[in-house]
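Notes follow once the structure below has been shown.
What follows is calculated from the coordinates using simple rules that are stated; it is not laboratory data. Since we're looking at a predicted model, the values are computed, not measured. For neighbour counting, all protein chains shown are included, and Cβ atoms are generated from backbone atoms with ideal geometry for every residue, glycine included.
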C-alpha cells in the first residue's frame, strides 16, 4: 500500500531516523550542486525546489486529507503578489519580511476560502477551489492599477538574512549561489516541518478523515475544523513557495493565478505519487526539468501534460515514487 | 435510575414513522439487546441517540443531561460511543493506528501538529492493550482494510471502546460473519463490556445471540417499542413471538 | 423601464446557454455519478465546430444554409462524447473519485490544446448569422433579434429534455439507472449502453450551447474553462444531478451575472461566487439536490 500509511503513526523509533538516513545524502547532494553545475543548472533546480514546497503543501490536502484542490494557484499567487505589493507600496527589500508578508497574506486568504471550501468534499471541493482561484485571477487582471494587470509587477533582487547578504553584484551569481542556498534551507525546513505534521496526531486525524469521514466524526474528530487547519497549512506552504518564486522570476503576472498553474501542481504531485510523502517533491523537480525542455520543443505543452496525466492515472497511479518503491520491494524479495 | 432515557422520540422519513414516539432507556452496567425485524427502527433509534441524524421531536437525556441538540462530538465527550453495521474503519491505517487515533482524539491530542505521534508511548501502550483485550494483538501492524471480516467487526467495536464510553451502541456486531464465528465475537465483546462496568446496547438479529448474552431485551416493531423485559420474559411474550420471532425464523 | 427589459432578456439569454451546459453536466452526473471536468471544453468544441462550418467553410452561403449548419457543433460534440465515454471514462467507474477527477482534468488539458492546434490561437466567429437577423427596437433600445432565437432554443431544449426524461421509455431506463445502477442492471438494463447514451446526450447539450451562442460571441480559447466553472456554480446552486435544479440555477446565475455586470462590472465573477456560496451555506445539497 501507500508509503505514508505504512510509515505513519507506528511507534517504531526507526521511522523518522530511517527517513533521515534517506534525507541526509540527498541534502548533501543538493548542497554541492552550485559548486559543480553551471549557474543556470542551479537556478533551474532552485525553481524545482520552490515548486516542491508548493506541491508538498498541495499534497497535505490530496494525499493526506483526501481533498483534491484545483485552485492552489491562488495561494501561490497570493504569496507572490504579497511580495510584489510589499515592494511596490512599502519599498521593502528584505526576503525575511517578504516571507512574513506572504505567510500573513496566505493565512488570511486561505482562512476565508477554507471556511467555504472545507464543508465540501470530492468534486464540490475541487470546483469551489477552482472557482475561487479564478476569482482572484480575474481580480488580478481587473485591478490593474494595483496589480499591474497583464504586465505584472517587478520584484528586484532581495537582501537575505536581514541584510547580511545583498544581491548587489551579478544577479546570476547571486541567484545560483546565495539565493539557491536560501531556497535550499527553506526547502529543508519545509520538508522537516511537513514530515512532523503528517506524522503527528493531527496528521493521523487527517488520514482518518480521508479514509472514513463518518467514522472520524464518531471517534470525536471535528472534521471541518481539521480540514480547515489542513487547508490553512497547505495554502501557507504554497504561498511560501510563491514568495520564494518571485525573486527567481523577477516578475509576477496573473498567469500564476490561472487554473492552468493549479493543473501543473496537480500534475507534479500525481507524477511523483500522491500516496507517498516524497512523491510531490520528486514530481515537482522532475516536472520542472520536463517543462523547461518540453516547452522549447512544442507550444502544445498543455496537450503533452494532459496525455501524460491520463496515461499516468491509467497505468501508474502511484507515480514515480510509488512505482520505485514497488520495484525496490520486488527486488528485495527476490533476494534471499 | 437510568443512564440514558429518550422521551417521546420521533423521526419521520417522508411519511414513514421510522421512530414513533419512543420512550427507551438504558440502565448503568447492563447489556441490552435491541431486536426487531428489518425496518423496525432500531438503527434509526441508535442513529438518533448517537447524533448521526436529528430527531423531529422528543428529547434524549444522558446522565440526566439533555443531549438532544448536542453535536456528535459533544455526545462522545459525554460518553456515548457506537460501532457501525457496515464496518466503518480507517482502512489505510493499521489496526493499531485505528485504536491509537481514537485515543489521541479522546484525549484531545489530535490538535497537536508539531509532535510525533509515535513519541507518545502511553497512547500506544493503551492501544496495544485494547487490541489485546479484543484478541487482535497479532493484527496490530496490518492495515485495517486487510484483515478478515470477523476481525474487522471486532476492531470496529475496539475503536468505539477506545473512547472509554459509558454507553456503547453496537449495530449488529456479528452481521456478515459465519455462525461459527458469532459466539467467540460475542464472548469477547461482552466480557470486555462486563469487566469494565459500562453499558452496551446491541442491535442483533440472531435470537440465540440475543438470549445468551443480554440482561434485558427491547423489541421494536414499526417504529414503536413492542416489548421490554428480561430474556425469559421476552421468550414467553406471545406478541413478540408472533410478530418478531416468527418472522425472523429463529429459534 | 426598457433598460430593465433589456437586462431581463439578457439574463434569459445567458440562462439559456448556461442551462444547456449545466443541464448536460447534471444529466451526466445524475446517471453516471461522474463529474466531467472537461465538460466546458465540449461546449467550446461545439462553438468552434459551428464557427468553423459557418464562418469559414460555408462563408458567403445564403443564411438558411448557414442556419442549417448551426447544429453541426452540437453533433460534433455528441460524437466526441460517444468516443470519449467508452475509451477514457469507463475504466474509472470502479476506482476512487480522485482518479476520475484527474482523468477528466487531463482530458480538459488535452482538449484545450487540441482546439488551439486545430483552429489556432485567434477567435473564430460566425457573425454572419447574427448580423443577418438584424435587430428590433424595444422602446428606444435596439436589440439583436438573434438573441431572442437563442432564448427560444434554450426554452425548447429544456422542454424537449423534460419530455424526453419523463415521457419516453428511454427516460424511464435513464431514471432507473440513476436511482440504482445495480438494480437496473439486474433487471436487464444494459448499463454500458445507457451510460454512453447519457454521456452523448449531455455532450450534445453542451455542444448545442456552444453552437447557438457562437454567432453572437466568437469562439475563443479558454471559453471552456469559464463555462465549466459557471456550469458548476449553476449545478451547485440547483443541486447536482437535478435537471430542474439546473434550470432554476441557470436562471438565477443568469440574473445575478447580468446584475453584476450592470452594477459591479469589476467584481462580476466574485458576485456570482458569493451568490453560490450563500446558497451552499444555506442548503449544502443545493436547492433541488438530494442531501
Partner shielding of A:193-202, as the mean number of partner chain Cβ atoms within 10 Å, equals 6
Most packed first (mean Cβ within 10 Å per residue), the peptides C:117-128, B:97-108 order as B:97-108, C:117-128
Partner shielding of A:130-136, taken as the mean number of other chain Cβ atoms within 10 Å, equals 6
Residue B:212 and residue A:307 label points (each 7 Å along its Cα→Cβ direction) are spaced in nm at 6.4 nm
For the protein assembly as shown, shape from the Cα gyration tensor axes a ≥ b ≥ c, cut at a/c of 1.5 then a/b versus b/c, turns out oblate
If the chain between residue A:193 and residue A:145 were fully extended at 0.36 nm per residue, the gain over the current Cα-Cα distance would be 13.5 nm
Burial-style ranking of B:51-57, C:41-47, B:86-92, A:52-58, average other-beta-carbon count within 10 Å with highest first, yields C:41-47, A:52-58, B:86-92, B:51-57
Per its Cα gyration tensor (rounded if a/c is under 1.5, else prolate when a/b beats b/c, else oblate), segment A:22-258 is best filed as oblate
So residue A:168 and residue A:249, fully extended at 0.36 nm per residue minus their Cα-Cα distance, gain in nm 27.5 nm
Scoring chain A by relative contact order with C-alpha pairs under 8 Å, at least six apart, yields a percentage of 32 percent
Dividing the helical contributions, -39500 (n - 2.57) per DSSP H run of n ≥ 4, by the residues of chain B yields a 222 nm value, nearest 500 deg cm²/dmol, of -10000 deg cm²/dmol
Whole-Å distance linking the alpha carbon centroid of segment C:166-242 with that of segment B:131-176 is 43 Å
Packing-ranked peptide list from A:272-279, A:23-30, A:69-76, A:245-252, highest mean Cβ count within 10 angstrom first, is A:69-76, A:272-279, A:245-252, A:23-30
Averaged over residues of B:70-79, the number of beta carbons from other chains lying within 10 Å of each residue's Cβ is 3
Here the residues of segment C:74-94 lying in the modelled label zone of residue C:185, meaning backbone nitrogen under 11 Å from a point 7 Å along Cα-to-Cβ, are C:93-94
Expressed as a whole-number percentage, the relative contact order of chain B with C-alpha contacts under 8 angstrom and at least six residues apart is 28 percent
Per GNM of chain C with C-alpha springs under 10 angstrom, the most fluctuating residue out of C:228, C:271, C:153 is C:271
Two pseudo-spin positions, 7 Å from Cα along C-beta at residue A:314 and at residue C:59, lie apart in nanometres by 3.7 nm
Taking Cα atoms only, helix B:149-161 is inclined relative to the longest principal axis of chain B by an angle, in degrees rounded to 10, of 80 degrees
Relative to chain B, whose Cα atoms define the longest principal axis, helix B:121-133 and its Cα axis are tilted in degrees, nearest 10, by 40 degrees
Note on chain B, DSSP bridge orientation, antiparallel percent to nearest 5 equals 55 percent
Under the 7 Å Cα-to-Cβ spin-label approximation, residue B:8 and residue C:162 lie apart by a distance in nanometres of 4.3 nm
Residue span residue B:21 to residue B:119: 0.36 nm per residue of separation minus Cα-Cα distance leaves a gain in nm of 30.3 nm
